[in-house]
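Worksheet for the structure shown next.
The values are calculated or read from the model by the stated rules, or taken from the named source; none is laboratory data. Values in this document were obtained by computation on a predicted structure and should not be read as measured data. Virtual Cβ from ideal backbone geometry, glycine too; neighbours counted across all protein chains shown. Accessible surface areas use protein heavy atoms only, side chains included; no ligands, DNA or RNA. Shrake-Rupley method; radii C 1.70, N 1.55, O 1.52, S 1.80 Å.
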Amino acid sequence: METIKKVFNKSSILVPAIAILLGLMVGAIAMLAGGYNPLLAYSSLLDKLFSSPYNMGEAIRAITPLIFTGIAVAFAFRTGLFNIGVEGQFVMGMTGATIIGVTLDLPWYIHAPLAVITGALFGGLWAAIAGVLKATRGVNEVISSIMLNWIALFLSNYIVATYLVEKGQQKTRPVHESAMLTIDWLIELMDKARMHWGTFVALICIAVFYILLWRTKQGFELRAVGHNPDAAQYAGMNVNRTIVKSMFISGVFAGLGGVFEILGVFGYQTVMAASWGYGFDGIAVALLGGNTPVGVLLGAILFGGLNYGSTGMSFGAGVPSEVVRIVIGSVIFFVASHGLVKWFIKPFFIKRADKRKEAV
């Protein structure tokens, strides 16, 4: 119970809530400056999210990969590492799942799990490269993981274009139905929205994130090495192995995000001109959620909801989708500026404390 209180304390809930409110206010000011009605814009956004089962389902679909990438960033951060290569690990997860899904033809109870495991391993091993470089050569994981993002993009494109491409197109052959992880009955229930098992796996990963880091010996070692590598080594922990392990686990989470985009949403992979952006958005989600399990979930819901609902703002209130980025950027700014938000709310706590003293 004490651990839960430390992870989900009053500050970790109140500060992001105030930051979100301030971000929405700044967004409203930006809309007013541009001649748009912020009340109409926000109501149009909510209408887009909740107006139909299809929109609700598609919003959930947009939120799901952000949960995976948010967990990946938060997990690494909690262990003292900044995994900025989540984008590349996400792409490698897609590629691993695509290879198995396209080239093999197996029974569904073998094919789908094998594709998921392969994609997760691709993501984990790709992240482990940065971990090995840091552990053995002292290479900063920020630098190496940024470079690995680009390598992953072009390596993935090479594999797709050379071995998996559909003739005359810029995408792979379709993934076999036996490897797909869509939920047919839920798709029908949500009016043809692209629902898949990845959403439930993402929620399971939230629980795994918490249990692994705060309820296991391995989690204690991972956090100890992150807090103070020298003290951890003095205590007998294998620091280098723990660094690689942390990056690998983080990459597995990111790889799973890519896996379900292929096996749950599209059923094929394209030759990409640029990265998807989910990995970089995951950094914002982790920051927004304070690198806590439930915080990441709520951050992904907010971030994904704003992204998907931005079309509603465009059609319903004529607001450009770029304004949504102003709102998101403002929220991230205030969340990152903990001191600023605490300074903003400090007078309210002082007044409450004074009233309690007067009452006594």
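Relative contact order of region 214-334: 12 percent, from C-alpha pairs under 8 Å at least 6 residues apart in sequence. Place +1 on the Cβ of every Lys and Arg and -1 on the Cβ of every Asp and Glu in the chain, take the dipole about the Cα centre, and give the residue among 123, 330, 79 whose Cα lies farthest towards its positive end. Positive-end residue among those listed: 79.
Can you give the accessible area per residue of the chain, in Å², using a 1.4 Å probe?
Values: 17350 Å² over 360 residues.
Accessible area per residue, the chain: 48 Å².
Accessible surface of residue 200, taken over heavy atoms with a 1.4 Å probe and every protein chain present, rounds to 90 Å². The slack in the chain from residue 215 to residue 146, taken as 0.36 nm per residue of separation less the alpha-carbon distance, amounts to 21.7 nm.
Over the residues of the chain, the helix contribution to mean residue ellipticity at 222 nm works out to -25500 deg cm²/dmol, using -39500 (n - 2.57) for each DSSP H run of at least 4.
Within the chain, the percentage of alpha carbon pairs spaced more than 38 angstrom apart rounds to 22%.
Measuring r between the beta carbons of residue 167 and residue 204 and using R0 = 56 Å, the FRET efficiency lands at 0.90.
At 30 Å minimum axial length over the Cα atoms and a Kyte-Doolittle cut of 1.6, report the qualifying DSSP H helices in the chain, or say none. Can you show the working numbers first?
Values: long enough: 10-33 (35 Å, 2.10); 53-78 (36 Å, 0.87); 108-137 (43 Å, 1.11); 239-260 (32 Å, 1.18); 293-317 (34 Å, 1.11); 338-359 (31 Å, -0.57).
Counting only whole DSSP H runs, the qualifying helices are 10-33.
Across region 65-290, C-alpha contacts under 8 Å between residues 6 or more apart give a mean separation that, scaled by the residue count, equals a relative contact order of 44 percent.
Rounded to 0.05, the FRET efficiency of the residue 321 and residue 106 pair, given R0 = 41 Å and the Cβ-Cβ distance, is 0.50. Of all accessible surface on region 65-290 at a 1.4 Å probe, what whole percent is carbon and sulfur? Answer for region 65-290: carbon and sulfur cover 66 percent of the accessible area. Subtracting the Cα-Cα distance of residue 192 and residue 137 from their residue separation scaled by 0.36 nm leaves 14.8 nm. Its relative contact order, with pairs defined as Cα atoms under 8 Å and 6+ residues apart, puts region 140-210 at 15 percent. When the surface is traced with a 1.4 Å probe over the full set of protein chains, residue 325 keeps roughly 120 Å² accessible.
Please list, by residue number, everything in region 145-179 whose backbone N is under 16 Å from a paramagnetic label point 7 Å out along Cα→Cβ of residue 114. Within reach of a label on residue 114: 175-179.
Of 190, 56, the order by accessible heavy-atom surface (1.4 Å probe, DNA, RNA and ligands excluded), from most exposed downward, is 56, 190.
Using Cβ point charges alone (K and R +1, D and E -1), the dipole size of region 11-147 about the Cα centre works out to roughly 280 debye. Inter-part distance, region 61-102 to region 218-244, computed on C-alpha centroids, equals 23 Å.
Between residue 184 and residue 238, the contour length at 0.36 nm per residue exceeds the Cα-Cα span by 14.8 nm.
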